[in-house]
Amino acid sequence: MPKLQKKMNPCRHAQIFLMLAVLALFPAACANRPYLKPGCTLPAGVNLEEALAHSREDLGRLACETQFDGYYMNLIEVAQRDPDAQNKRRFSDFLEWANAAGIIDKIQARNYYNRYFNITFMSLPDYYNVCSSCSEKVLKALEFQLEEELGQKEKGLLKACRDKEAYYRAADQYNSLMLLLDATCTACRN
């Protein structure tokens, strides 16, 4: 008994031929495409001046502006490997440039600088009402923010600038703030 053979639809032949032709052209099309380098690469290395120049170049492109925080954190890391008393000025100049370029506003620039290079604590809000902030949840959050900022000051003042005196003044201020918060909340609860 003869085997039954199915006849293929002529349209199906055309579809298969078209798919094979497209697949044959695909590698050729990809081979002619130039390699695109990523536009934004975070700074690294051990030379702060080079890292700052790299960051200015990258951040000057619109696509990289949204990554300013990552650039700044990496610059702090580079500064810790290239400590110098002049790093405060270098960061101040960089933040002024970023503000003038429209990447960050003046308040952001001030906060970035003060969190790492000033003994004043930015985590304590201007509108701070001590007794209303003495609930355990709010107080723990504030203590965590102050402790985190002290760590930032350690990275900036002590490790990146080798300014032990300024860091120890910031640590003393931190201890005074913690003592004051504790005493005030004790008084508010009574």
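Sort 152-161, 136-145 by the packing proxy (mean of other Cβ within 10 Å over each peptide's residues), most packed first.
152-161, 136-145
Please compute the modelled spin-label separation between residue 46 and residue 180, points set 7 Å along Cα→Cβ, answer in nm with one decimal.
The two pseudo-label positions are separated by 4.2 nm.
Can you give me the Kirkwood hydrodynamic radius for the range 80-190, using every pair of distinct Cα atoms, in Å to one decimal?
For the range 80-190, inverting the mean 1/r across all distinct Cα pairs yields 15.2 Å.
In nm, to one decimal, how far is the modelled label at residue 189 from the one at residue 73, with both set 7 Å along Cα→Cβ?
3.5 nm
The numbers here are math on the coordinates, done by the rules we state, and not lab data. Keep in mind that what you see is a predicted model, and the values were worked out from it rather than measured. Don't worry about glycine lacking a Cβ; one is built from the backbone with ideal geometry, like all the others, and counts go over all protein chains shown.
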